[in-house]
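**Student:** Quick one: the structure is below, and I'll ask about it shortly.
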Amino acid sequence: MNLLIDNIKELVTVSTKGKGIKVGKEMRELGIIENASLLIEDGIIKKIADAGKIKVNDEVYVLNADGKIVLPGFVDSHTHLVFAGSRENEFGLRAEGKTYQEIAKSGGGILSTVNKTREASKKELFKLAERRLNKMLKLGTTTVEIKSGYGLSAESEIKILDVINQLKREHYTTIVPTFLGAHAIPIEFKNNPDEYVELICNYILPHVAKNKLAEFCDIFCENGYFDLTQSEKILSKAINCGLKIKLHADQLSNFGATELGVKLNATSVDHLELLNEKGIEALKNSKTIATILPGSSFFLNHKYAPARSLIDKNIPVAIATDFNPGTAMCYSMPMMLTIACTQMKMRIEEAISASTINGAAALGLQNKIGSLEVGKVGDVIIFDVPNYKYIPYHFSENFVKHVIKEGVLLEL
Ligand code: NIG
Ligand code: FE
């Protein structure tokens with residue numbers, strides 16, 4: 001289907017003029033074209049012009065944007081979307097004053113979701129994840145990275161990756177699969193965690209790579225989870241197997257996870273709530289993207305990552321939801337924008353750049369998605385708002401009017 005979107009009041013292109021990423025002051029520039037029209041042919045943006053200026057034949061479907069606001073689809077570059085069960089009890093315990101770490105130590109946390117996810121069939125996991133992706137699409141998210149990590153055994157991790165790859169084949173959303181077998185030490189290896197590291201390096205990772213089950217390998221580099229030595233071992237093996245890497249870094253403690261990520265050329269380091277000057281220095285001299293997750297700080301009442309200083313130091317910043325049952329039970333990108341603006345001193349324009357083109361860069365997809373430019377994929381959201389600032393301003397309301405995925409107007 002070829003599609004012309006006409007009569008757009010503000011076309012927020014988030015153009016990088018070919019650079020594919022925004023840093024520093026560039027993050028404030030959204031490349032807005034007023035009174036515009038946009039032509040998509042075979043899923044690819046073919047033309048951008050003034051409203052009413054693109055003439056097409058009868059075969060092209062014309063969508064009148066009716067003076068509404070158009071943005072690129074959001075890119076959610078960090079989620080743990082495939083899991084069974086839920087953890088509202090832990091949320092209640094935190095409301096009573098318990099911490100995330102205390103709850104994890106007393107049998108809750110990641111391992112409780114692992115139990116539920118191990119019990120679930122592929123079919124059940126697929127259904128749960130599909131429903132979540134549908135809701136995310138309705139909120140304007142057209143690309144989602146999904147991590148495994150609630151299996152923690154060869155069999156269950158592969159089961160989850162199979163589900164993620166089935167979603168990748170069958171769902172409208174563009175999916176990027178990530179292997180996070182090193183999310184926690186499974187109960188079976190409680191007394192000998194290094195053996196689990198060996199299992200990942202010697203069997204699971206080679207299998208994942210050989211069968212192309214994941215594009216990225218991630219790790220929870222954290223006290224009580226995986227230390228620097230174990231992390232370096234797993235990530236080096238992943239690189240060796242041809243995977244790109246990411247790290248959960250500096251979330252609950254800081255012992256050099258960001259520096260390790262930079263040393264290994266990670267595509268992104270994610271979380272960064274406790275990032276320090278040394279980590280910032282390392283990032284400054286690297287290509288690694290800083291992915292911040294406002295939802296998990298909000299939900300756990302933790303410190304926020306130092307977004308302002310990252311941006312002011314020209315380090316590329318991406319925003320993602322971190323959607324997961326423990327630390328961020330929210331898959332709304334507009335909500336992340338609101339938190340970034342109210343709690344992290346980010347400008348609205350910076351938050352939009354971080355959740356579109358920089359999110360795409362955090363997945364290595366900056367040449368395809370994340371901005372609305374000729375030659376890019378037609379992932380387009382039409383918002384029923386008076387201007388783009390209204391989206392994070394009126395928080396928790398869904399203003400998405402239409403979702404266009406690869407040039408196809410979806411009925412949601
Ligand atoms: O990104 N920090 C590690 N992983 C998740 C939390 C997982 C969970 O609590 O289930 C996160 O916050
Ligand atoms: Fe996470």
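The values are calculated or read from the model by the stated rules, or taken from the named source; none is laboratory data. None of the values given here were measured: they were computed from a predicted structure. Every residue, glycine as well, gets a Cβ built from its backbone with ideal geometry; the counts of neighbours run over all protein chains shown. Surface accessibility is based on the protein's heavy atoms, side chains included, excluding ligands, DNA and RNA. Shrake-Rupley method; radii C 1.70, N 1.55, O 1.52, S 1.80 Å.
**Student:** Kindly establish whether residue 298 is open to solvent by less than 50 Å² (accessible area, probe 1.4 Å), modelled with pLDDT of 95 or more and within 30 Å of residue 253 (Cβ to Cβ). Walk me through how you get there before you give the answer.
**Tutor:** Working: open to solvent by less than 50 Å² (accessible area, probe 1.4 Å): no; modelled with pLDDT of 95 or more: yes; within 30 Å of residue 253 (Cβ to Cβ): yes.
Answer is no for this residue.
**Student:** With respect to the numbered conditions (1) part of a loop (DSSP other than H, G, I, E, B); (2) within 16 Å of ligand 1 (Cβ to nearest atom), which one is the sole condition not fulfilled by residue 234?
**Tutor:** (1)
**Student:** Any residue in the stretch 210-224 that is touching a residue at least 24 places away in the same chain (Cβ under 8 Å) and more than 21 Å from residue 253 (Cα to Cα) sitting within a Cβ distance under 8 Å of a residue that is assigned to a loop (DSSP other than H, G, I, E, B) and within 16 Å of ligand 1 (Cβ to nearest atom)? List the pairs, counting only those 6 or more apart or interchain.
**Tutor:** From residues that are touching a residue at least 24 places away in the same chain (Cβ under 8 Å) and more than 21 Å from residue 253 (Cα to Cα), the pairs are 214/148.
**Student:** Looking at the stretch 72-107, which of its residues are open to solvent by less than 50 Å² (accessible area, probe 1.4 Å), out of contact with any Asp or Glu (no Cβ under 9 Å at 6 or more places or on another chain) and of a type in the set (Val, Ile, Thr)?
**Tutor:** Passing the criteria: only 82.
**Student:** Let me ask you something else. Any idea which residue in the stretch 244-259 is farthest from residue 184 (Cα to Cα), counting only those that are touching an Asp or Glu at 6+ places or on another chain (Cβ under 7 Å) and outside any strand (DSSP E or B)?
**Tutor:** Here the residue is 258.
**Student:** Given the stretch 310-412, what helices (runs of 4 or more DSSP H) lie entirely inside it while holding 3 or more residues that are over 24 Å from residue 63 (Cα atoms)? Walk me through it before giving the result.
**Tutor:** Details: elements: 333-343, 348-355, 357-361, 390-393.
Because the criterion is at least 3 residues that are over 24 Å from residue 63 (Cα atoms), the helices (runs of 4 or more DSSP H) in the stretch 310-412 that meet it are 333-343, 348-355, 357-361.
**Student:** Kindly establish whether residue 222 is within 13 Å of ligand 2 (Cβ to nearest atom) and of a type outside the set (Phe, Trp, Tyr).
**Tutor:** Values: within 13 Å of ligand 2 (Cβ to nearest atom): yes; of a type outside the set (Phe, Trp, Tyr): yes.
Here the answer is yes, as residue 222 does meet what is asked.
**Student:** Further question on the same structure: Counting only residues that are among the hydroxyl-bearing types (Ser, Thr, Tyr), closer than 21 Å to residue 392 by Cα and within 13 Å of ligand 2 (Cβ to nearest atom), which one in the stretch 270-327 is nearest to the chain's Cα centre (by Cα)? Write out each step before concluding.
**Tutor:** So in the stretch 270-327, the residues among the hydroxyl-bearing types (Ser, Thr, Tyr) come out as 286, 288, 291, 296-297, 304, 309, 321, 327.
Then keep just the ones that are closer than 21 Å to residue 392 by Cα; that gives 291, 296-297, 304, 321.
Now narrow it down to the ones that are within 13 Å of ligand 2 (Cβ to nearest atom): 291, 296-297, 321.
Working: 291: 8, 296: 13, 297: 15, 321: 6 Å.
That would be 321.
**Student:** What are the residues in the stretch 141-156 that are away from ligand 1 (no atom under 15 Å from the Cβ) and in contact (Cβ under 8 Å) with a residue 12 or more places away in the chain, if any?
**Tutor:** From the stretch 141-156, those away from ligand 1 (no atom under 15 Å from the Cβ) are 141-143, 153-155; that's our starting set.
141, 142, 143, 153, 154 - these are the residues of the stretch 141-156 that are away from ligand 1 (no atom under 15 Å from the Cβ) and in contact (Cβ under 8 Å) with a residue 12 or more places away in the chain.
**Student:** Another question, if that's okay. Could you please give the count of residues in the stretch 272-288 that are under 21 Å from residue 22 (Cβ atoms) and within 16 Å of ligand 1 (Cβ to nearest atom)?
**Tutor:** So the answer is 2.
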